[in-house]
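Remarks on the structure that follows.
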Ligand code: AP5
């Protein structure tokens, strides 16, 4: 199964990608996580990406496309994968097709901007392993501490309200056209992600079983 999760910043792509990865036994490939690791390790790609990410803009297509196409060639992706945050532009979608990537389904997580603004204020991420939590919807067992590795939970740098607004504007302008793109290819499945995290997962599983 080859899936991608579309949705605004904070729609729940990362949360659902991790849950689906565990349930379907295929890797979650998150461009945001790959880029954050590159920034943390101060690699040449990280150095190029940092300013775009901090201001809520998209990293240039040519950087992203190479990273993802290379990642999908790794052996753990041979039985499928869940893309989280890729593609984000029509050009990226076309590049995936050119590289021979044939998606089985595109899940669009539909969440209002108002809900996104509220959600982002409650998100906390592990400063060591990057695991994501929410103070109300998905709290850690011990306040401020990652369940998985015991490191501190912090607010993501791009989760400040002004940056979230900028990211939402970029989403509407550059990523939303993909809804029509994948709808025309009959791959699009909408999930109105106002329910709980668990209910969203159940709905996604129901929809992708229809694509098998
Ligand atoms: P990325 O990390 O992908 O950021 P994003 O798309 O803005 O998405 P987020 O990670 O913020 O949110 P999410 O949808 O994963 O939500 P989450 O599950 O965490 O990318 C960061 C940056 O990298 C971009 O801005 C860009 O610069 C660059 N980049 C990445 N990919 C790129 C690409 N392809 N091209 C160019 N540039 C790229 O959930 C959010 C919170 O809500 C969590 O706290 C969670 O616990 C909670 N939550 C989730 N679901 C629910 C629910 N149903 N109810 C209540 N709370 C919920």
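When we screen 64, 82, 107 for residues that are at pLDDT 95 or above, within 8 Å of the ligand (Cβ to nearest atom) and on the phi < 0 side of the Ramachandran plot, the only hit is 64.
Condition check for residue 69 on (1) surrounded by 15 or more Cβ atoms within 10 Å (Cβ to Cβ); (2) near the ligand (Cβ under 10 Å from one of its atoms); (3) more than 20 Å from residue 131 (Cα to Cα): one failure, at (2). The set of residues in the stretch 87-112 being in contact with a helix residue (DSSP H, G or I) (Cβ under 8 Å, 6 or more places away or on another chain), surrounded by fewer than 16 Cβ atoms within 10 Å (Cβ to Cβ) and assigned to a helix (DSSP H, G or I) consists of 90, 91.
Note on the stretch 1-47: residues that are assigned to a helix (DSSP H, G or I) and either free of Cβ contacts under 8 Å to residues at least 60 places away in the same chain or within 13 Å of the ligand (Cβ to nearest atom) (or both) amount to 25. Of all positions in the stretch 163-181, none carries a residue that is within 21 Å of residue 24 (Cβ to Cβ) and either more than 8 Å from the ligand (Cβ to nearest atom) or under 16 Å from the mean Cα position of the chain (by Cα) (or both).
The set of residues in the stretch 153-164 that are touching a residue at least 24 places away in the same chain (Cβ under 8 Å) and surrounded by 12 or more Cβ atoms within 10 Å (Cβ to Cβ) comprises 153, 154, 155, 156, 157, 158, 159, 163, 164.
The values are calculated or read from the model by the stated rules, or taken from the named source; none is laboratory data. In this text, all values refer to a predicted model and were calculated from it rather than measured experimentally. FYI the Cβ positions are ideal-geometry reconstructions off the backbone, even for glycines, and counts take in every protein chain you see.
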